[in-house]
Amino acid sequence: MKNFAKLFPILDQYTYLNTAASGLLPLPVMEWRRQHDADFLEKGSILKENQGTILSEVREKVGRLFSCASNRVALVPNFSYGFNTLLEGVIHYKNVLLLDGDYPSVNWPFESRDFGINYVSIDADLENRIEDAFSKSQPDIFAFSLVQWVSGIKVNHQFLKDLKAKYPSTLFLADATQYVGTEVFDFDNSGIDVIGASCYKWMNAGYGNAFFLFKEVIAQQVAPKTTGFNSFQGKYKPQEGNFIGRFEPGHQDTLNYGSLGVAIDLINDIGMDVIQSNLQSIHHKVSIAFKDRGLLEADVANRMDHGCFYNISGDEHLLKSLRSNNIIASLRGDGLRTSFHYFNTERDLEELLHYLDRQ
């Protein structure tokens, strides 16, 4: 596995196992941000005259990376902003199926509005539970995180595609914040109608940038009311009232969205297939090590589909002990969440196991 420490200088100081909380800022993104602000300092509005070109290029990069036409890509500051905008435009879809204990930014927007809600519990038999809920009462909307924020349980893509084919009138809305940047993903060939993701985690793009991808039919099914002067400015927002413009009503920050563009350039330079292969390799070793030590809950240990982090037995005392030895993780739910990205190595795992085995 290639050494990526030069891209992320922090790796020289810490064993960083916390991407699920906050991704690292790569050196190329930092250098681009520094140059951008230096140009802004020296050029002022002359720099901003190119903002339409910068944003169009970022939109196109997102579309190419995830196989979605650029005119169906919205650039938003974070997932929650885009998701609430989307739900404000949902008029005729009232019955919703959610996952109990899913990320609050997925569930709370529904719970704070006038929706009829049913829940499915998250466990080793998740897909069967979802299918059973559909068979009992087909929802108008099924909203979920592709990877669960506490446990790391991942919803199977083929299952979603098959379920959507069986229930085509249900809107499938997914939070992919804990997913995008971990493997090759073809949105147009998926069973999901709308995907949104903040990019400060596995995309390593820094804060303040996110995107939404839409299937073509969504513009006819959802009607957000958000608008502003910037809602019809730019190559992909040609007229007032266009669908993508509803998600981008104001001036966009070229610093933050440009950072996303550079982060995607880095992903392309490395190769998403290489990133996926690295993650599969390290997580195979992580999974075996954690299972052998009895650190995983049964719901996680008994599943094939999983994200890029694990919640293991641990408490605040362990967290502080790890931090004192320069190992960065975080507490979530009833345990310690450890994340391994493509830049993590088997040595990082050995460092963690060394301290876990002493507990």
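The values are calculated or read from the model by the stated rules, or taken from the named source; none is laboratory data. The shown structure was predicted, so the numbers you read here are calculated from the model rather than taken from an experiment. Quick reminder, even Gly has a Cβ in these numbers, built from the backbone with ideal geometry, and neighbours come from all protein chains shown.
Would you point out which residue out of V76, V90 is of a type in the set (A, V, I, L, M), surrounded by 20 or more Cβ atoms within 10 Å (Cβ to Cβ) and at pLDDT 95 or above?
Checking each option against the conditions leaves just V76.
Within segment 291-308, the set of residues being exposed (fewer than 15 other Cβ atoms within 10 Å of the Cβ), of a type in the set (A, V, I, L, M, F, W, C) and part of a loop (DSSP other than H, G, I, E, B) comprises M304 only. Would you mind stating whether I195 is in the same structural domain as T254 (by TED's automatic domain parsing), over 30 Å from P28 (Cβ atoms) and in contact with a strand residue (DSSP E or B) (Cβ under 7 Å, 6 or more places away or on another chain)? Answer is no for this residue.
Kindly provide the set of residues from segment 330-343 that are within 24 Å of S277 (Cβ to Cβ) and either free of Cβ contacts under 8 Å to residues at least 60 places away in the same chain or not in a strand (DSSP E or B) (or both), ordered by number. Before you say what the answer is, go through the steps one by one.
So in segment 330-343, the residues within 24 Å of S277 (Cβ to Cβ) come out as 337-343.
Result: F340, H341, Y342, F343.
Confirm whether G52 is loosely packed, with under 13 Cβ neighbours inside 10 Å, more than 23 Å from the chain's Cα centre (by Cα) and either touching a residue at least 12 places away in the same chain (Cβ under 8 Å) or not assigned by TED's automatic domain parsing to the domain that holds S339 (or both). Answer is no for this residue.
Results for (1) surrounded by fewer than 21 Cβ atoms within 10 Å (Cβ to Cβ); (2) within 19 Å of the chain's Cα centre (by Cα); (3) acidic (D, E); (4) on the phi > 0 side of the Ramachandran plot, shown as yes or no for each residue.
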residue: Y310; (1), (2), (3), (4): no, yes, no, no
residue: S321; (1), (2), (3), (4): yes, no, no, no
residue: D334; (1), (2), (3), (4): yes, no, yes, no
residue: T338; (1), (2), (3), (4): no, yes, no, no
residue: F343; (1), (2), (3), (4): no, yes, no, no
residue: L353; (1), (2), (3), (4): yes, no, no, no
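In the set (1) out of contact with any Leu (no Cβ under 8 Å at 6 or more places or on another chain); (2) farther than 30 Å from D334 by Cα; (3) surrounded by fewer than 19 Cβ atoms within 10 Å (Cβ to Cβ), R246 fails one condition alone, (3).
Given I267, I327, I312, which one is in contact with a helix residue (DSSP H, G or I) (Cβ under 8 Å, 6 or more places away or on another chain) and at pLDDT below 95? Steps first, please.
On the way: I267 fails: at pLDDT below 95; I327 fails: at pLDDT below 95.
It is I312.
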